[in-house]
Every structure is written in C-alpha cells, then in structure tokens.
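Student: One structure, as structure tokens, below. Some questions next.
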C-alpha cells in the first residue's frame, strides 16, 4: 500500500501539493505520464474517446518536441496537459537550478500551469519555487503499470482496491507500461463507471 496510495503522514510533508480532489464528490481523475509517443498515446486517446472521458496528460518536453502532432491531438480532443520536465529528470538527483531550468525548457512546449515531478520526488526548495508558477500534482492512486514484475491483472486490482472519491489515478502512456496499461486501463474504467464514478480533468 505504501506505493499505491501513500499514507496521510507522507502527503503532509509536501505542503501545497495536490494529491486528491474533493473526497465528497464521486469523481475520478485519470492522468497519464511520460508521453506522448506514437506507439501508445493514440491508442489511449481512442479508448478515452470511446468512453467519452477526458483525462490529464503529464507530458515530457522532449517527446512533445519529437511528436508535436500528438501533443496537439491531446489538446484538440479536449484533454488537459501538464509539465513532466523536459527529459524526465528527478528532482532529488539534480541541483535546484538545473532542475528548474529543465522544467522551464519543457514549459516552452507545454502550455500548462500543472506540474508533476517524475518519480514523485523533489527537494523542498524545488517545491517551494515551483509552487509560485504551478499547481504541483502527485497522486492518490498509482497503478504501477510501469512495473514489469506485476501482471496486468494485478495492476487492475490496485486501481479497483484503492480508487475512491476524488482519486487522482496515474497510468503511463509509455512503452514500459504499455502491456499492463492497455489491459488495466479500460477495465478500470468499466469498473469505476459501474460504481457510479464520473470522470474529469484536473
């Protein structure tokens, strides 16, 4: 549970970070990290269109530069985007100046006031500076679709077990997560809709 849904004490360490939306509202917020890429993102967009669902895509700047038409497709199809750094760098492993410069470079290509740190980590000083420009978003449920040691059915069970009112759920439109995500994401939507949840962007 520690990874899939971080406990409240951990969330309190990062003040001003969005972990979960309104717990009184029966809504789910699907998010997708690490794209856009042609091998996976168009499939995700088509599935979301089939269900009439809008989501939020935290994009990597260098992927947006490589595939600008995919970024435009995300926006034109009514989804929201967020900054996920230019080349998926971790805050804890970078000095603050270099980390913020990387995010600023991504900002040239990603028009958004949302930011999600790769791997969910950053230094406190980095967060303090980022909050001046961005709503920093973490998650309420991370599907762990990126983990090759998990079976697709296990990824689905994570979402079914931990999703609740206001959950911000993380999937990945990436090669690493493709097998697990393509199985779990549509089935998770079916399950959540059957539970009476609506879906929205952040």
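The values are calculated or read from the model by the stated rules, or taken from the named source; none is laboratory data. The model shown is predicted, which means the values in this text are computed figures rather than measured ones. Positions of Cβ are backbone-derived with ideal geometry, glycine not excepted, and every protein chain shown enters the neighbour counts.
Student: Looking only at segment 166-180, which residues are outside any strand (DSSP E or B) and in contact with a helix residue (DSSP H, G or I) (Cβ under 6 Å, 6 or more places away or on another chain)? First the steps, then the outcome.
Tutor: Initial filter on segment 166-180 (outside any strand (DSSP E or B)): 166, 173-180.
Correct list: 173, 180.
Student: In this structure, is residue 81 under 14 Å from the mean Cα position of the chain (by Cα) and within 24 Å of residue 198 (Cα to Cα)? Please lay out each step first, then the result.
Tutor: Values: under 14 Å from the mean Cα position of the chain (by Cα): yes; within 24 Å of residue 198 (Cα to Cα): yes.
In short, yes.
Student: Could you go through segment 6-25 and let me know if any residue there is in contact with a helix residue (DSSP H, G or I) (Cβ under 8 Å, 6 or more places away or on another chain), part of a helix (DSSP H, G or I), surrounded by 19 or more Cβ atoms within 10 Å (Cβ to Cβ) and modelled with pLDDT of 95 or more.
Tutor: No, because not a single residue in segment 6-25 is in contact with a helix residue (DSSP H, G or I) (Cβ under 8 Å, 6 or more places away or on another chain), part of a helix (DSSP H, G or I), surrounded by 19 or more Cβ atoms within 10 Å (Cβ to Cβ) and modelled with pLDDT of 95 or more.
Student: Now for a different question. When only residues in segment 115-126 that are surrounded by fewer than 21 Cβ atoms within 10 Å (Cβ to Cβ) and touching a strand residue (DSSP E or B) at 6+ places or on another chain (Cβ under 9 Å) count, which is farthest from residue 4 (Cα to Cα)?
Tutor: By that ranking, first place goes to 118.
Student: Mind checking which residues of segment 181-201 are touching a strand residue (DSSP E or B) at 6+ places or on another chain (Cβ under 9 Å) and in a helix (DSSP H, G or I)?
Tutor: Answer for segment 181-201, where residues must be touching a strand residue (DSSP E or B) at 6+ places or on another chain (Cβ under 9 Å) and in a helix (DSSP H, G or I): 181, 184, 185, 188, 189, 192, 193.
Student: Could you grab the pairs with beta carbons closer than 9 Å, sequence gap of 6+ or different chains, first residue in segment 34-57 and touching a residue at least 60 places away in the same chain (Cβ under 8 Å) and on the phi > 0 side of the Ramachandran plot, second one surrounded by fewer than 22 Cβ atoms within 10 Å (Cβ to Cβ) and in a helix (DSSP H, G or I)?
Tutor: What qualifies is 34/118.
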